[in-house]
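Comments concern the structure below.
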Amino acid sequence: MRTFLTIWSGQTASLIGSKMSRFSLTIWMWEITEQTTALALFAFFTQIPRILIAPFAGIIVDRYNRKLLMIAGDTVAGISTIAILFLYLTHNLQIWHLYVVGSITGTFEQIQELAYSATISMMVPQKQYSRASSIGFLANYSSNIMAPALAGSLYYLISLAGILTIDLITFVLAVTTVLFVQIPQPKITETAQQSRPNILHEISFGFRYIAKRPSLLALLLSASLFWFAHDIGAALYSPMILARTGNDARVLGTVASAAGIGGVLGALIITGWGGPKRRINGFLLGMVGAGASKIVFGFGQMLFIWIPAQFCSSLNFPLLGSSYDGIWLAKVKPAVQGRVFATRSMLMMIMSALGYLIAGPLADYVFEPAMKPEGSLVPIFGGIFGTGNGAGVALLYVISSICLLLVGLSGYACRRLRDVERLVPDRDENF
């Protein structure tokens, strides 16, 4: 675990810097456009190249040095931050620049994340998979506590330029921690080394591997539907709060920090506990808990409702995510995890990108106008959500959250999903 924890510490620092930058860029874009679509498209253009590169990234991760791939990902992210900083300081930064930079960083982040995911099973024993995954969630949610609070306060003191500079420093820390540790590589058999199938065969490997195991396919489809609905809500989250608070970045930062605290507590619980014996229960119950909490969040219009609802929502994600990762790590052998995990990531990212793509236009051109005074939905929902700015966004957010709840509950009705751990042997070597 020592190597894993060393890498984890550097990635945690990098995450804090990256999320400070993303939070600040969100505020900057909203101040200029005040449109949900502009923010949603930023996430969309970051996802599209990740989808396109994912099949090739799997081949790259299975064949090349994973340590160097992780360093390359952080390096490109750092260069991209320098580009944004230069454009901002010269007063040339525009919204479309962020879309282009997001596309470039998304490509290399996908390779880096696959290399990191496929390395976990080489660094920690199988019984520690859920714990290692939960430690990863600890990094993610720790950054969610500090980054929004810091960025929300510093944005008005040191501006976007100062926050981007902090981000650059954290990239250096991340590269340094990876540079000075030994990351194990999977053993490649002599037959595999001599065999070089055509590129289409390599790309399709992950699809064929998962399709041959219907329970893993059911697991993947369930997660993809969940994240489709989740990321519709994720695209609405910041605009909803900013619209209802008069663009108050501090309120947005406070709510985001509450999410981080809930996530850290959830990750600490899983780290100490190790997760449920039947990981599928953690996966499905995490969906149900997250969905129910987000429904309450969408109905709320004040900070004292947003904070506990967001805390409870985030409390579920380490349970959901660590259980999900633990199943995949236990069922897929290390030598092919790059290609299989790339296929898994690609399908989920397609659904995520679709969620972001439709969320902005639905909010700006359908739900917001319908929830203005005299709007078509006001007679039905006006008494619940009001008719001010953000009311339509809140209604759409609640609809997406109800879908999260339904996906989790329906998982128990599907035998192939419910019994995935029994139906798919650990580290199945047959293909």
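Brief remarks follow.
- For the chain, calculated [θ]222 nm from helices alone, where every DSSP H run of n ≥ 4 adds -39500 (n - 2.57): -28500 deg cm²/dmol
- Here the Karplus curve 6.51 cos²θ - 1.76 cosθ + 1.60, taken at θ = phi - 60°, turns the phi angles of region 253-262 into couplings of x, 5, 5, 5, 5, 4, 4, x, 4, x Hz, with x standing for Gly and Pro.
- Stokes-Einstein diffusion coefficient of the chain, Kirkwood radius over Cα pairs, 10 °C, 1.306 mPa s, in µm²/s: 72
- Here the contact order of region 315-431, divided by its residue count and restricted to Cα pairs under 8 Å and six or more residues apart, works out to 29 percent.
- Centroid-to-centroid, using Cα positions, region 43-97 and region 343-393 are 29 Å apart.
- Lysine pair count for the chain (Cα-Cα distance under 17 Å; residues 8 or more apart in sequence or on different chains): 8.
- For residue 352, the shell of other residues with beta-carbons less than 14 Å away shows a net charge of -1, using +1 for Lys and Arg and -1 for Asp and Glu.
- When the Cα gyration tensor is reduced to axis lengths a ≥ b ≥ c, the ratio a/c is 1.5 or higher for region 306-431, and with a/b above b/c it is classed as prolate.
- Accessible surface comparison of 331, 67, 212, probe 1.4 Å, protein chains only, largest first: the order is 212, 67, 331.
- Shape category assigned to region 1-49 from the gyration tensor of Cα positions, a/c cut at 1.5: oblate
The values are calculated or read from the model by the stated rules, or taken from the named source; none is laboratory data. This structure is a prediction, so every number in the text was calculated from the model and none was measured. Using ideal geometry, Cβ is built from the backbone for each residue, glycine included, and neighbour counts are taken over all protein chains shown. Only protein heavy atoms, including side chains, enter the accessible area calculation; ligands, DNA and RNA are left aside. Shrake-Rupley method; radii C 1.70, N 1.55, O 1.52, S 1.80 Å.
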